[in-house]
Amino acid sequence: MLAILRSLGMFFVDLFKPRRQLEVENLFLRHQLNIALRRAPHRLRLRGSDKALMVWMTWWWPSLLGLSRVVQPDTILRWHRAGFRAYRRWKSRGRPGRPPVHRELRDLIRRMSKENPLWGAPRVHGELLKLGFEVAESTVSKYMIRRRGPPSQTWHTFLSNHADAIAAIDLCVVPTMMFECLFAFLVVGHGRRRLLWFAVTRHPTAEWLAQQIGEAFPWDTCPGYLVRDNDRVCGLAFTSRVRAMGIRDRPISPRSPWQNPYVERLIGTLRRDCLDHVLIFGERHLRGILSLYSLYYNETRTHLGLGKDAPLRRAVQRSGAIVTEPILAGLHHRYFSGRTGAE
């Protein structure tokens, strides 16, 4: 800055000098410059003020470009273009341009892209327009999640889409008060973990199981696959009935209960919630207990695997006084709104 002020001061002083004196001084200064440039390094280090002064002078007097000895004329022109870009950025600061994208919208775009791998930018953009967001499709494409390969669904999605076509069966042994053994036949659907059917007998046979399968699944509601234990009681009569109903029989491997987890989990829940706390007198008593518990299990009891909802989708009640209804003589309770219960 001091160099610029000094040069300007000398310029104003030279305005009052005679022309002959200016020519002599100009010749003398040029000679000194040539002497200095002989021993100068190959590349000089110029300050910002030196660059600004040279750009300003060549802008007012373009003929001075031919007299440049310290730098090339193209260098001065490059400095000028860089200064023009800096000036335009300074002048355009704070001006309205493309509106900024808020963080909430960016997170929503990434969330939609992650949760829906089959959706492209047009599909996500359409959903955002329906939600009231004014955003360009190019902006949506910019903030979507990039994937290396083609999109693929998760195993949770794959299994959930096929769960409604799968059912599982198993036999639960229940001891009575007289030290006898009863067998409870349970059928559970994989879709909503619903207890579809139950029956009680003292001596299960293949013919009896075939009859129960026919009663559990009318001909228009048969599942596509049936998962069961590799038990001897599931004989020829049972497999023939299942095949005739159009159900694909899928027995698990021997001594592998983990391959039939849903019905095994149901039996464990039935024991912990009910049978471990009740003395069973006989078939009729067990059938009544299972009837009450099946209603509680399907309509009231919340399940962690269903997002803490019941298999039959229990509605949320937000109004009215809370009313308690005992189930199984107070072993469990059902809570609901008094207004809804009255209706």
Since Gln153 meets every condition but one in (1) within 30 Å of Lys308 (Cβ to Cβ); (2) polar (S, T, N, Q); (3) free of Cβ contacts under 8 Å to residues at least 24 places away in the same chain, which condition does it not meet? (3)
Going by the structure shown, is Leu290 in contact (Cβ under 8 Å) with a residue 60 or more places away in the chain, surrounded by 14 or more Cβ atoms within 10 Å (Cβ to Cβ) and either touching a strand residue (DSSP E or B) at 6+ places or on another chain (Cβ under 9 Å) or under 23 Å from Gln212 (Cα atoms) (or both)? yes
Looking at Gly330, Gly320 in this structure, which one is on the phi > 0 side of the Ramachandran plot, surrounded by 11 or more Cβ atoms within 10 Å (Cβ to Cβ) and either acidic (Asp, Glu) or not in a helix (DSSP H, G or I) (or both)? Gly320
If Arg255 satisfies all but one of (1) part of a helix (DSSP H, G or I); (2) more than 30 Å from His332 (Cα to Cα); (3) not aliphatic (A, V, I, L, M), what's the number of the condition it fails? (1)
Given the conditions (1) under 16 Å from Arg334 (Cα atoms); (2) in contact with a Leu (Cβ under 9 Å, 6 or more places away or on another chain); (3) not in a helix (DSSP H, G or I), report the number of the one that Ser294 does not fulfil. (3)
Considering only residues that are among the polar types (S, T, N, Q) and surrounded by 12 or more Cβ atoms within 10 Å (Cβ to Cβ), look in the range 120-152 and name the one that is nearest to Pro99 (Cα to Cα). Thr139
Quick count over the range 293-333, residues being of a type in the set (Lys, Arg) and under 23 Å from Ala199 (Cβ atoms), is 1
Considering only the range 233-254, how many residues are among the basic types (Lys, Arg) and out of contact with any helix residue (DSSP H, G or I) (no Cβ under 9 Å at 6 or more places or on another chain)? 2
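The numbers here are math on the coordinates, done by the rules we state, and not lab data. Here the structure is a predicted model, which means the values were calculated and not measured. Cβ atoms come from the backbone with ideal geometry, glycine included; neighbour counts cover every protein chain shown.
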